[in-house]
Amino acid sequence: MLSSLLLLWPCSLPAIGPDDDVRVKVEQARSLISEAMATIGTTGTPDTTKKKALLADRPEFERLLVQADQLLYFSSADPLRRAIFLVQQNALPNDNVALEMVYRLYWQLGKLLAHKGNWQPAAESYQQARDTLETLRNLSIDSDEPEKQRKEQRKAYLQYLQPKLRKVYYQLVDLLLKSYQTSQDAKFLKEVIKTVEFLKQVELQNVYQDECLVGSTDSVDKHLDSHTAILYPVIFPTDVEVQDRSLELFFLTSKDAGKEADIQWLHDAAIGRTSVEKTEQINDQASVLLNHITHQNEINEKGECYSSTELRKAGNYLYNRIIKPVEIRLKEDGIQTLIFVPDGKLRTIPLIALSDDRGQFVIDKNVAVVTIPGVSLTTSVKGKSSISKHSRIFLGGIWKGEGAVEHQDQIQPTLNALGVGSLKITETQESLIQIQQFYPNSKIFIDNDFTIENITGEIRAAHLAPYTIVHFNTHAAFRADDPDNTFLLTHNTIKDPANKLIMKDLQDILRLGEERAVELLTLSACETAKGSDQFTDDRAAFGLAGIAFKTGAKSVLASLWRVEPKRTSELMRRFYQTLADGKTNKVDALQTAQRELMKFDPPPKDCGGENTRKEAFVKDWAPFILIGNWK
């Protein structure tokens, strides 16, 4: 296992004597780390009673590791290199204690070199720490406990590793950017994207508690044409100990599909910023924008109006930091499709709702926006879409919500989880019938027929004529880190709240192989992308973005917040009507429908008395996002 961790500087190591102070510290640190690992069951020990007792003893675990870190602290490079050599020399296969020591030593060496301004050697040490951490994450638990206990032990260990991993990775990104500044070597920018992509993969694994979600080697950036670009922001969290960085932007383009994309780093000097803004400012403005959009035309508890003016101020702030730096490139390069890889709080807002200094929304510009969770966390984008009026569509949903359990207190937990007051969705039947008119080969399953059994049997049995589109008009709940309460409402749950169509089940239903992969999964209902924390859970939004990757669907269409059913139905009708001609790709069809919805039943003024340019409220058309394959 340690063979992949290359020994650096072996020829320059000083001789190591039997009384060497480094050797003593390494042995003492190993003993402490071994004892610490035993407290969460990550090393084999016959004393299972002690192991169980210490499983919840987090302070003891942390205390032992702090003592080990103190022993492994060295103020110069030579002792650190000696320590790394000693640990690797004596390591056993799958030796998680040795790996714990190695990543700590490489991390410390990287910090030491960075302090001296040796950016590239520091980055190399950090890369060794990163690779060691990745190996640690993939090690299985060595324990005699039952499977459930081992899973709990592994979960506890991964929770411990997560903040360390984030610090190492973000600090590595910082060093790679500094290395690029001094060398102008594009390989450092490629390493930046690679490192951030791994972080996104780990986060998606945590959201779904599924370590089998591994990034694709056939990443999206390998399939760009001359009219498609990737906008890749990286937001540095406040707890990763990276100074003078908050938001960094990367712009990926390619002249020829199949060739490696060119990466441009839009750093501060290039976009005219004179000072680095704090991450909190960016997150706060994203929250302000989201709050004003979702409550547009409402009065808050202070009697103040959530006005269009304040909405545009926040949208303009974010536009100037995310879109404006690439505005000229978008025009000069003739970019028609912009692939957005949101990060942090940016996942909770639709990019098309940002506005420039003149008040023009992104959707008004000649570029279509599609969202992906990561360039390696997206299913294949090869070839053109097979959607046409001849496509088969599975149309299902909840309309009257009849057949609920007799007592309200039995269904109330389901209502609470979904964030709704009623299971009824008024426009379902009419909406599905309208879509069916454009696709005669589709089938409708409503209320009593919208069951897990019918969904499974119908979709999986369609071998000769597979469904191209699966459209669910139902409530959904997305809960970060709680896959058992991330579910779609079916008639099964109405009858029995414990019988849910959870994400793992949906994955099993839709994963039909690349040849039969669903082109589009539509989640059309109330708050299908809402997280557990009202409108603020960026991890739940990230989980939504990962649905396409997890289920194997090529793309997903969903909404980021609750939209009035009449407007949702109208948007879906226009979207599917445009898509049926077989000439318009999915993202263009969506944004055409959104532009038309902007003119649908527009109010003349909002509650603040402001003219809204004769357009519908932003909250009605902006939340619908296309995730994944845009073709």
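Within the range 542-568, residues that are within 20 Å of LYS586 (Cβ to Cβ) reach partners that are outside any strand (DSSP E or B) and of a type in the set (Phe, Trp, Tyr) with beta carbons closer than 6 Å, at six or more positions or on different chains, in the pairs LEU544/PHE478. Of the residues examined, LEU290 is not one that is of a type in the set (A, V, I, L, M), at pLDDT 90 or above and not in a helix (DSSP H, G or I).
So, LEU338, is that one closer than 26 Å to ALA257 by Cα, at pLDDT 95 or above, surrounded by 14 or more Cβ atoms within 10 Å (Cβ to Cβ) and hydrophobic (A, V, I, L, M, F, W, C) or not? Yes: the conditions hold for LEU338. Residues in the range 316-330 that are open to solvent by less than 40 Å² (accessible area, probe 1.4 Å), more than 15 Å from GLN281 (Cβ to Cβ) and touching a helix residue (DSSP H, G or I) at 6+ places or on another chain (Cβ under 8 Å): ILE323, PRO325.
Just to verify a result, which residue in the range 544-597, among those that are in contact with a Pro (Cβ under 9 Å, 6 or more places away or on another chain) and of a type outside the set (A, V, I, L, M), is farthest from VAL202 (Cα to Cα)? Restricting to residues being in contact with a Pro (Cβ under 9 Å, 6 or more places away or on another chain) and of a type outside the set (A, V, I, L, M), the top hit is ARG562.
Filtered by the rule that a residue be crowded, with 23+ Cβ neighbours inside 10 Å and closer than 30 Å to ILE502 by Cβ, the range 215-242 gives a lone residue, VAL220.
Consider the range 190-214 and keep the residues that are on the phi < 0 side of the Ramachandran plot and in contact with a helix residue (DSSP H, G or I) (Cβ under 6 Å, 6 or more places away or on another chain). The one that is most open to solvent (accessible area, probe 1.4 Å) is GLU211.
If you go through the range 584-618 and pick out every residue that is open to solvent by 40 Å² or more (accessible area, probe 1.4 Å), modelled with pLDDT under 90 and not hydrophobic (A, V, I, L, M, F, W, C), you end up with 11. Scanning the range 490-521 for residues that are in contact with a strand residue (DSSP E or B) (Cβ under 9 Å, 6 or more places away or on another chain) and in a loop (DSSP other than H, G, I, E, B) yields a total of 4.
The values are calculated or read from the model by the stated rules, or taken from the named source; none is laboratory data. Remember, predicted model here, so these are calculated numbers, not experimental data. Don't worry about glycine lacking a Cβ; one is built from the backbone with ideal geometry, like all the others, and counts go over all protein chains shown. Protein only, heavy atoms only, side chains kept; ligands, DNA and RNA dropped before computing areas. Shrake-Rupley method; radii C 1.70, N 1.55, O 1.52, S 1.80 Å.
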